[in-house]
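Note sheet for the following structure.
The values are calculated or read from the model by the stated rules, or taken from the named source; none is laboratory data. Quick caveat: nothing in here was measured; it's all calculated off a predicted structure. Cβ sites come from the backbone with ideal geometry, for glycine too, and all protein chains shown count toward neighbours. Keep in mind that these areas ignore ligands, DNA and RNA; they rest on the heavy atoms of the full protein, side chains included. Shrake-Rupley method; radii C 1.70, N 1.55, O 1.52, S 1.80 Å.
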Amino acid sequence: MMKIAANDLKRQHDIYKDEYNAKAVDVLNSGWYILGNEVKEFEKEFAEYTESKYCVGCASGLDALQIAFRVLGIKENDEVIVCSNSYIACVMGITMNNGIPVFVEPDEYDNLDADKIEDKITENTKAILAVHLYGQSCDMDKIMDIAQKHGLKVVEDCAQAHGTTWKGRKVGSIGDIGCWSFYPTKNLGCFGDGGALTTNNEEYANEFRVIRNYGSKKLHYENDIIGMNSRLDELQAGLLRVKLSHLNELNNERLKIAERYTKEVNNPYIRPLQTRPGSNNVYHQYVVHSEYRDELMEYLKSYEIGTIIHYPIPPHLQKAYEYLGYKKGDLPIAERYADEVLSLPMYNGMSEEEQDFVIEKLNQFKK
Ligand SMILES: *Cc1c(COP(=O)(O)O)cnc(C)c1O
């Protein structure tokens, strides 16, 4: 039998292996490992890729979120609108600044339902976090309109959306700040942890640079504020430059796999997630919904086909957020999605035979 993983990073690595290896050796031999030329060049190239004026590297996607809300002045009692089915890091970025996450349920595209935002706005609301989950964009027209009307800041979580566009514009440049993760499984993943912030606001960009480096404008020893150590390192930045130069090809390969799933999986028990008109989809995950999700997952496992649930427990029901006082039933759509969603195998380097096999088994699934 063919064993198919939900994700296989080695396959992706092998596609441009020689280029990564050459770059790694270069950086190691350079004698400079933190905040040097590779980071500077990557920031320039990624700003260009995301159509943003500024990009500042940092150590992870969570750090990017934490820094973004800090720079926007989020503090105790400030409320931030966030989707109820988001990844936990989205909520932590808010609460690490002592802000209060206010959950809004997702729409049929599994992303923040913009039509439900205004009901949740109070005098304490300061910002909206638009998470472009699974690889497609939120409705940024509606979100930006609401933000403008109520004087709110908009942070985009683009950790799953490298290359995603909204009406032709790259995400991460539409709101006030874009937050990026380069965790290895992301569409633009590095070989360890990494992250970045993008913005068109020069003051914000300067603040990001100070915060990520111990609150110091200079490289060393003059600390204006209490900062963090959250730097993207030279090795990761160098490797990211290699991958960024191939990102469009990598995203196209994912798109081809996704198009096969969409076209060829025809099973009344499996409902593929649709893409919102106005957005493209870089298919960070190919997500299906099924009332019989757990059975489907077990069934696929019996054929050695790996799948993942993104995410099995919504943030409001996590132990870490008990103090917010939510209980089961409070956010029924997010809770239902947590029981229904399944991410199919999706990775660069997935063979046609593997795709055939997954599609065949999905079509044979019965209740
Ligand atoms: C991966 C991810 C993050 C966090 O990124 P890290 O680099 O792992 O800290 C944040 N938000 C979303 C939506 C993610 O998928």
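Subtracting the Cα-Cα distance from 0.36 nm times the residue separation, let me have the gained length for residue 352 to residue 15 in nm, one decimal.
Numbers: separation 337, 0.36 × 337 = 121.32 nm, distance 1.56 nm.
That pair, residue 352 and residue 15, stretches by 119.8 nm at full extension.
Structure shown: which of 263/328; 126/263; 263/301; 3/327; 170/301; 120/328 lie over 31 Å apart, alpha-carbon to alpha-carbon?
As for pairs spanning more than 31 Å Cα to Cα, those are 263/328; 126/263; 3/327; 170/301.
Taking 0.36 nm per residue of sequence separation and subtracting the Cα-Cα distance, how much length would be gained by fully extending the chain between residue 360 and residue 262, in nm to one decimal?
Full extension of this stretch gives 34.0 nm more.
Points 7 angstrom from Cα along the Cβ direction at residue 313 and residue 191: gap in nanometres?
For the pair residue 313/residue 191, the computed spacing is 3.5 nm.
Could you order the peptides 193-200, 47-54 from most to least packed, using the average number of other C-beta atoms within 10 Å per residue?
Result, highest mean Cβ count within 10 Å first: 193-200, 47-54.
Calculate the length of the line joining the C-alpha centroid of the stretch 98-112 to that of the stretch 34-72, in whole Å.
Comparing the Cα centres of the stretch 98-112 and the stretch 34-72, I get a distance of 25 Å.
So between residue 118 and residue 24, what do we pick up on full extension, going 0.36 nm a residue minus the alpha carbon distance? Mind showing how you got there, number by number?
On the way: separation 94, 0.36 × 94 = 33.84 nm, distance 4.85 nm.
Length difference between fully extended and current span is 29.0 nm.
In a Gaussian network model over the chain where Cα atoms closer than 10 Å are linked, find which of 277, 314, 101 has the largest mean-square fluctuation.
Top of the fluctuation ranking is 277.
For the stretch 164-232 and the stretch 283-312, write down the distance between their C-alpha centroids in whole Å.
A separation of 33 Å, based on Cα centres.
Using the C-alpha atoms of the stretch 146-304, what convex hull volume per residue, in cubic angstrom, is computed? Walk me through the numbers before you get to the answer.
Numbers: hull volume 29.6 nm³, N = 159.
That works out to 186 Å³ per residue.
Where does each of 73-85, 123-135, 56-68 land if you order them by average Cβ count within 10 Å, highest first?
Answer by packing, highest mean first, reads 56-68, 123-135, 73-85.
Report the label-to-label distance for residue 328 and residue 304 in nanometres (one decimal), using points 7 Å from each Cα along the Cα→Cβ vector.
The modelled label-to-label distance comes out at 3.6 nm.
Only helical DSSP H runs with n ≥ 4 go in: add -39500 (n - 2.57) per run for the chain, normalise by residue count and round the 222 nm mean residue ellipticity to 500 deg cm²/dmol.
Counting only the DSSP helices, I get -11500 deg cm²/dmol.
Less than 21 Å apart at the alpha-carbon level, and either on another chain or at least 8 residues along: which lysines does that give for residue 218?
Partners found: 40, 44.
Relative to a virtual label point 7 Å from the Cα of residue 255 in the Cα→beta-carbon direction, which members of the stretch 168-212 show backbone nitrogen distances below 17 Å?
168-171, 187-188
Run the 1.4 Å probe and let me know the accessible area of residue 32, rounded to the nearest 10 Å².
The accessible area comes out at roughly 130 Å².
Beta carbons within 10 angstrom, averaged per residue: use that to sort the peptides 106-115, 315-324, highest first.
By packing density, highest mean first, the sequence is 106-115, 315-324.
With the chain treated as a Gaussian network of Cα nodes joined by springs under 10 Å, which of 175, 93, 278 yields the largest mean-square fluctuation?
Highest fluctuation of the listed residues: 278.
For the modelled label position 7 Å from the Cα of residue 149 along Cα-to-Cβ, which residues of the stretch 106-137 have backbone nitrogen atoms closer than 12 Å?
Of the residues in the stretch 106-137, 114-121 have backbone N under 12 Å from the label point off residue 149.
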